[in-house]
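Below is one structure; the comments refer to it alone.
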Amino acid sequence: MCQILELNRSSYYKWLNRVETPVEIENHQLAQLILEYHEMFDQILGYRRMTDWINQLNHKHYSKKRVRRLMKLLGLQSIIRKKKSKYQKSTPEISAENLLARNFSASAPNQKWVTDITEFKDRHSGKKLYLSAIIDLYDRSIVAYEISLRNDNTLVFKTFEKAMIANPGATPLFHSDRGFQYTSKVFKTKLNYYGLTQSMSRVGKCIDNGPIEGFWGIIKSEMYYLYKFESIQDLKCAIDKYVHFYNTIRLQNRFQNQTPMQVRIAALTSESNTQYPIKENKKIKKYYNLLNSKQNQNLTT
């Protein structure tokens, strides 16, 4: 074999009797953890969240670069989400200004809620399930949700009533898109009854409701696209299970590896709230600076 490979016999025996270094042994152990977590969480963990989970549950301090390198060697990566954009035209009875203005941070629970509806299709029957949810921007928890076979006013009204029952006395800024359910006079009456201020995204600007659009991407990439459901009931159960997982088990790096419900309960049971600022997006800041400079130039000319 050495003759064919043109190697010295001594090189072969040196390799055969080589002792692994402590770093290599630790890498093997870490690689085993990565494989276990990859299977445990149905391949939804990228290298950042993989690092968070391993460090949190094993009391380690592995770097993200190290985990990323090992995942690449193992040929592992998270499921890539699919992006779809659908818009439904409607004639609004009631409209509101975009008071949220893409300010997605909140200093306490029940200051700002965002809501929307998304659909899931059962591949066997062709039937659709509609999920309506309300998210609190302080802790990103699902305050309330409702699942239905019909995308109608009742779906939105039930979700809203659940949220108010679970949070008595809450008067958050309530932000949505301009779907027909949110622009109806009946829904506006409900908001006024509970003392909530209404805010709406601008026409065709889904980024104005970015946090809940982000959640739709998360639930579909980490649950819906991974499985083939046997029935519409199986799909509904999977949605229920995932919402519970998201609220109570899924760690979030922004919250220092806590779950949304851990953050929410801590804030509601303490006198002072921990602040979790959103990381500044340099590209967006650069865009607005450029836009403002152009407007100033036009004013001076």
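What follows draws every value from the coordinates through simple rules; no lab data is involved. Model, not experiment: these values are computed from the prediction. FYI the Cβ positions are ideal-geometry reconstructions off the backbone, even for glycines, and counts take in every protein chain you see.
Things worth noting here:
- Between Glu222, Glu97, Glu213, the residue with the greatest mean-square fluctuation in the GNM of the chain (Cα pairs under 10 Å linked by springs) is Glu97.
- Rounded FRET efficiency, nearest 0.05, which uses the C-beta distance separating Gln111 from Asn296 and R0 of 30 Å: 0.35
- For the stretch 12-27, backbone phi angles converted through the Karplus equation (6.51, -1.76, 1.60; θ = phi - 60°) give residue-by-residue couplings of 5, 5, 5, 5, 5, 9, 5, 9, 5, 6, x, 5, 5, 4, 5, 5 Hz, Gly and Pro being listed as x.
- Calculated from backbone phi, Karplus (6.51, -1.76, 1.60) coupling profile of the stretch 143-150 in Hz, x at Gly/Pro: 5, 7, 8, 9, 10, 8, 7, 10
- Under 5 Å between amide hydrogens, built in the peptide plane, is the criterion, and for Ala144 it picks out Ile134 among residues at least 5 positions away or on other chains.
- Size of charge dipole - the chain - debye, nearest 20, with Cβ of Lys, Arg +1 and Asp, Glu -1, no other charges: 1080
- Ranked by the mean number of other Cβ atoms within 10 Å of their residues, highest first, the peptides 8-16, 31-39 come out as 31-39, 8-16.
- Residues whose amide H lies under 5 Å from that of Gln258, counting only those 5 or more places away or on a different chain, are Gln252; hydrogens are built 1.01 Å from N in the peptide plane.
- Length-normalised contact order for the stretch 132-234 - Cα pairs under 8 Å, 6+ apart - percent: 19
- Residue pairs exceeding 24 angstrom between C-alpha atoms, taken from Lys162/Lys228; Lys205/Lys285; Lys72/Lys121: Lys162/Lys228; Lys72/Lys121.
- Nonlocal amide H pairs with Lys112, under 5 Å, H built at 1.01 Å: Leu137, Tyr138, Leu173
- Using a cutoff of 8 angstrom between alpha carbon atoms and counting only pairs six or more residues apart, the relative contact order for the chain works out to 17 percent.
- Rounded to whole Hz, the Karplus (6.51, -1.76, 1.60) HN-Hα couplings of the stretch 219-229, x for glycine and proline: 5, 6, 6, 9, 9, 4, 6, 8, 10, 10, 7
- Out-of-range pairs (alpha-carbon distance over 21 Å; input Lys158/Lys236; Lys128/Lys188; Lys158/Lys220; Lys127/Lys236; Lys112/Lys190): Lys128/Lys188; Lys158/Lys220
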